[in-house]
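Read-outs throughout are calculated quantities, based only on the coordinates presented, and are distinct from any laboratory measurement. Keep in mind it's a predicted model, so treat the numbers as computed, not measured. Reconstructed Cβ throughout: ideal geometry from the backbone, glycine too, with neighbour counts over all protein chains shown.
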Amino acid sequence: MKQSSITSNPPPLPLPSSTPILSPIERNPKKIYDEREKLFLLYEHEGKIPELITDPSQLQSPRLSTTDPNLIDHYGFIHDQPMKTLSINERKQIQQELKRSERWNKMLKNSHLTIRRDNEQLRRRMYKGLPSTLRGAFWSRLFDLDEQLRINKGYYDILKKKARLSSTYLSQIDLDVHRTYRNHQMFCNRYCLRQKHLFSILAAYR
């Protein structure tokens, strides 16, 4: 009788005693959803929902309302000691920035003619530096953000809703937001407006 050429697979070798046996991770979909919803609610209500806060350290008093304005520097950072009197060079630098801001403001008023990538004057001024007070307005005009918002109207809200329902990164994002610029006047208060905006952006475009 002809022997079959097909052989059965040998039985698997036993695992060494040092090899851990991995068990499937149990996930509670309802618990994950509750955690996502809780984080969004805290940011939407500026943390004014004490029953949702499990960590007492999160219940901080508003820092900015009790901060001496003399402790805040030109860029909005809060210091432990009052700011020293500006030196002559620092005053000159501020005056120079104010003059540059005036020139940039004139350019922004005629942005449809001046803010183009082939504008040589714009290139020269960019090398000298863009005043910090006008950066948001300038980049908005350069990339025509108003038009982009019109074309993609509602898309950002869709992404936020998707994150609220299914994102698995919200807890980590919340931790990162909490430790971002803790000594800056825009981010020093937990669940404040700027923290809310940062949380929403990171959640939507994770």
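Figures for the structure shown
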item	result
Taking R206, R194, R36, R179 and counting other C-beta atoms within 10 Å, the order from fewest to most	R179, R206, R194, R36
Cα centroid separation - the stretch 74-93 against the stretch 94-153, whole Å	26 Å
Reciprocal of mean inverse Cα separation for the stretch 73-206 (Kirkwood radius, Å)	18.2 Å
Summed side-chain charge close to Q96 - residues other than Q96 whose Cβ falls under 14 Å, Lys, Arg +1, Asp, Glu -1	+4
Relative intensity, log₁₀ I(q)/I(0), of the stretch 110-155 from a Debye sum that treats every alpha carbon as a point, q = 0.31, 0.33 Å⁻¹	-1.19, -1.24
Per-residue Cβ neighbour rank within 10 angstrom, fewest leading, Y169, Y205	Y205, Y169
Sequence of W104, W139 once ranked by neighbouring C-beta atoms within 10 Å, starting from the fewest	W139, W104
Out-of-range pairs (alpha-carbon distance over 26 Å; input K38/K160; K48/K160; K84/K109)	K84/K109
Cut-off under 5 Å, modelled amide H: who pairs with H184 long-range	I78
